[in-house]
Each structure stands twice: as C-alpha cells, then as structure tokens.
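What follows is a short report on a single structure.
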Amino acid sequence: MANGTEHTIKAFDDEIVALRGLIAEMGGRAEAAIEQAMQALVRHDLETARRIVAEDQLIDEIEAKVERLAVQIIALRAPLADDLREVVAALKIAGVIERIGDYAKNIARRTPLIGGRHTVEALSVLPSMATLAVDMVRGALDAFAARDWQAAVRVCDDDRRVDDFYNSIFRTLVTFMMENPATIGQAAHLLFVAKNLERVGDHATNVAEMVYYAARGTPMPERERGGDEDSVES
Amino acid sequence: MIEDHSVKSDRPAKMSARNVNVFYGQKQAISGVSIDVDMDNVVAFIGPSGCGKSTFLRTLNRMNDTIAGARVEGQITLDGTDIYNPDMDVVQLRARVGMVFQKPNPFPKSIYENVAYGPRIHGLVDGKADLDAVVEQSLRRAGLWDEVKDRLHESGTALSGGQQQRLCIARAIAVDPEVILMDEPCSALDPIATAKIEELIHELRGRYAIVIVTHNMQQAARVSQHTAFFHLGQLVEYGVTSEIFTNPREVRTKDYITGRYG
C-alpha cells in the first residue's frame, strides 16, 4: 500500500484501506466537532453545542471499530514491517482522536455556562487558536493518509504557535479576572477552553509522531518535535 | 523501542562464509554470500522458494558434495579452518556440523539405536554405561526423554512426527556437534510439535551455533536473533531479527516479509 505495491493477498489490502478510511472519517468528525464547538461558543448557539455533545458518541463508536479491525488484522494477517507499524499507529491514533473529540465535547458543554455577553477580549482570539489547532489535526491526518513524514514534522513545528496562543490568552484572562472579578466564572471557563485547544495541539503532535514512526520505522528525533516546554502556565 | 534480543557475542564467529558462490552445473545458485554465525544467536534464513537459502545452508556442512555437478567457490571456515580444504574429513565435519531435515528421518531402528549410532561409530563413548549416559543426555536435551524413557527399544518410526523430529535432533546432538543446521524442521509438524521444537531451539541456543531455514516468517521471528533474507541467490539483508521484521532496510526484504512479493 505505502509504496503502491499491493499485497499478494488482496483482502489484506482491503482491510488496510478500510482501516485508513475509518481513521479519516473519525478525524474528519473530530476536526468538525472542534470547529463547530468554537462557532457555537462564539455565537452562543446552544442547539449546535448540544448536538456536538451528542455526536461525540459517533467518534467513540468509530474508535471501537478501529480497535476491532486492527486487532483482527494483527490476529489474522500477522502484519510485519511497515504494515505492522501502520496498524499499530492506526490503533494509537484512534485513541488520540477520541480524546480530541472529548475536548470538542468539553468546549461545547461550556457554551451555556459562558453566557451570551461576550465582553471578554480573549474570545476574539480563541477562534484563531481553534483554527490553528484544527489545522494541525488535519495536517497530521493528511500526513497519515499520505505517509508523509516531512508533513508530520511540519505539524509538530506548529505546536509552538498553539502554545504561544495559549500563553497569550492565559495572561489576558488573568489580567481580565483581576480587573473584573464579577466575570471570573466566565473567564475561568474560557481558560479551560483555551487549555482544551492547547491539548488538541499536543494530541495532533502525538498523531504526527506516530505517522513519522509508521513511515520511517524510527521515532521522530527530539529536536524536530514542537515540544511542550513552552506552555509554562499549563 | 523494539527490544533487541540478539547478543553481542564475545566469542569469535563459529562459522564464516566469505564470497561464496555455488553452481549447479552452469547455473549459479548462490552469488557472493558472506555471513558469520556465532554460538549466541540463532540465525534464520528466509526467502522465497528457489532463493538459495537451503543450498547455502547445505554448503555449511558440505551436503552439496553429494550432488553431481554442484560446485562451491569462496571460503567457508569452521573455527577458522577452511572446510573445503582437501584435507578436511567430511564425515568428521558433518559430526561437528549436524543437520536436521524437513521431514523427520529416523533410522528404522529403536529409539535408543537412533541416538546411539553416531557416538558409537565416531568412537565417542567408552562402554555401555557411557553410551547409555550419552543417549539419555541427548534425549533430555532434545526434550524427548520423559516421553520415551520407558520405551527406548521401540522403533523410532513408531513415534509421532514431532517426536521423530526431536529424535533426529537428539541424534544430531549425540555426536556433540558445534553447529546444528535445520532445514525447515517444522514444516511437517502440527503447531504443538512446532512449538516444542521452537522451545528446544531456544534452550539449545548458546550451547550450539544454530542456523534454521524456514518459510514461516513468524517462526523466524520467534526463534532467531539474526535473520538473513535471500533472494535470487543473493544475501539481500542480514541483521537483527527484530529490526528485519519491524523496519527492514531493503525494499526487497520489506516486500517479501509483508507479503507483497510478486
């Protein structure tokens, strides 16, 4: 598959294709969930927020399907070399995407708590942070589909920018809370939203590292990772 | 991340092949193979049918000598001595480098006689008690003693396939070899008998240098610490087993082990 050569046993190829399809579908849903959760938050759209919370279950169901298929492939096909690395990566990536889905759900759940009065300045920056985090997730999944380790390294580089967003929002919110003690509750929820997005970026980085390993057979070198060390406030 | 079960052997290579070519008449079956085999790491030879892995295995104790028109070039040494040296006693060589074949081939004699035959003709034992001891020790090492100790004088051919194969291993061990060559030793055995042979290989590692030819990739992965992939008479890749099966360097190796060999 990876190098365009097919397996002698065609059913094996079909299963790998199915596994990739599930990861792509799962990833697409998680990306959309983060994007829409952020929109719902900004627009105070409670209906969309409720739907995102409910639809997280679909992501969980796909994760279970990935697990079943990966275990089946390992048991019945005894994959080796790049096949083995890909199946293991898919299994782990599914777990990570499930977490990203949970963050979307978490953001959506805060929508009713943050209320309709958006006086907090941080809220204007959060959508950009969400876009960047979603781009990282999309980039990591595209890298998985293409087995492009260089693209995976680029995704990791972006994590620094997400961390910068988080640190900036953290400072803004802390200042805001000191100046407006009456909105501390609302600001605290926004801080959690920012933290969730920061974690989405970390998870996209994890996916990218798995893509790198699946493609190359060696762990991504430390220096090429985005690194978490910058998010000192975390 | 992948645990390397191979051992950095501090003993010199037991056998070394350098630039070995094998011809069957005009046809070249092996081209320029160089490889070292030590006592601490089981070596698996893998590769598609006709790739030369069995041919190469057989050069290690000169079994190809028996094939008319077969010719070996290059150098193969056992403890530094060229085994193709005209002075080499081939019978002695094959006692030092024993072989177990695909199909169990016990002599049509008793279990006891199968094992006793080698030590007796090689003059390795002194008297009945000594021979009994060698037979018992060999059968124990081959993991067969408990199953046959009460019927040592029954025919070896009456045993099950897996027991027969372990009897053949006991027979090879009985002449106190240094190297054991196994040519698809489990291909005629059921999974339980196969597991017993594999466990046996694990136990024998370190005491003997072991080379196994197998078509079963999982078996190669399970029993060996070093794996050599042969293709079209060449040694394509030789390395640590865990590396070969998770991250082979050569595309040909990868295509073969992942089932893309076309």
*May I ask for the net charge around B:THR214, where only other residues with Cβ less than 12 Å from the Cβ of B:THR214 are counted and Lys, Arg are +1 while Asp, Glu are -1?*
-1
*Could you tell me the distance between the Cα centroids of the range B:187-262 and the range B:51-84, to the nearest Å?*
20 Å
_Charges on Cβ only, +1 for Lys and Arg, -1 for Asp and Glu, centred on the Cα centroid of the range B:15-257; of B:PRO108, B:GLN219, B:ILE30, which one is farthest towards the dipole's positive end?_
B:ILE30
*Could you tell me what percent of the DSSP beta bridges with both partners in chain B are antiparallel, to the nearest 5?*
60 percent
*If we count every other residue with Cβ under 12 angstrom of A:PRO127's Cβ, Lys/Arg +1 and Asp/Glu -1, where does the sum land?*
0
*What is the dipole size for the range B:180-229, taken about its Cα centre, with +1 at each Lys and Arg Cβ and -1 at each Asp and Glu Cβ, in debye to the nearest 20?*
180 debye
*asked:* Between B:SER155 and B:TYR261, how high is the FRET efficiency from 1/(1 + (r/R0)^6) when r is the Cβ-Cβ distance and R₀ = 56 Å? Nearest 0.05.
replied: 0.85
_Cα-centre dipole for chain A with unit charges at Cβ (Lys and Arg positive, Asp and Glu negative), debye to 20_ = 400 debye
*Provide a whole-number value for the mean count of partner chain Cβ atoms within 10 Å of the Cβ atoms in peptide B:247-259.*
5
*Which shape class, rounded, prolate or oblate, goes with the range B:1-100 when its Cα gyration tensor gives a ≥ b ≥ c as root eigenvalues, a/c under 1.5 marks rounded, and past that a/b bigger than b/c marks prolate?*
oblate
*What is the range B:154-262 by shape, rounded, prolate or oblate, if you read a ≥ b ≥ c off the alpha carbon gyration tensor as root eigenvalues and call it rounded for a/c under 1.5, prolate for a/b larger than b/c, and oblate otherwise?*
prolate
*Could you please report the charge total around A:ARG99, scoring K, R as +1 and D, E as -1 over all other residues with beta-carbon less than 14 angstrom from its beta-carbon?*
-3
*Under 1.5 on a/c is rounded, so check that first for the protein assembly as shown, then, if it is not, pick prolate when a/b is larger than b/c and oblate when it is not; a ≥ b ≥ c are the square roots of the alpha carbon gyration tensor eigenvalues.*
prolate
*Which one of B:SER160, B:SER138, B:VAL175 has its Cα pushed farthest toward the positive end of the charge dipole of the range B:89-187, where Lys and Arg give +1 and Asp and Glu give -1 at the Cβ?*
B:SER160
*Rounded to the nearest Å, what's the spacing between the alpha carbon centres of the range B:92-117 and the range A:51-95? Just the number, please.*
49 Å
*Nearest 5 is fine: what % of DSSP beta bridges in the protein assembly as shown come out antiparallel, could you say?*
60 percent
*Quick one: compute the contact order of chain A, relative version, from alpha carbon pairs under 8 angstrom and 6+ residues apart, as a percent.*
25 percent
_Long-range HN-HN contacts of B:PHE45 with modeled amide H, under 5 Å_ = B:ILE212, B:VAL213, B:THR214, B:ALA228
*Quantify how strongly other chains surround peptide A:72-83 by giving the mean number of their Cβ atoms within 10 Å of each of its Cβ atoms.*
4
_Value of relative contact order over the range A:21-89, rounded to a whole percent, pairs C-alpha under 8 Å and six or more apart_ = 28 percent
*Relative contact order [Cα under 8 Å, 6+ residues apart], chain B, whole percent*: 28 percent
*How many angstrom lie between the C-alpha centres of the range A:1-45 and the range B:139-171?*
55 Å
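Throughout, read-outs are computed from the coordinates displayed, never taken from laboratory work. Bear in mind the structure is a predicted one, so any value in this text is a computation, not a measurement. No Cβ is skipped: glycine too gets one built from the backbone with ideal geometry, and neighbour counts run over all protein chains shown.
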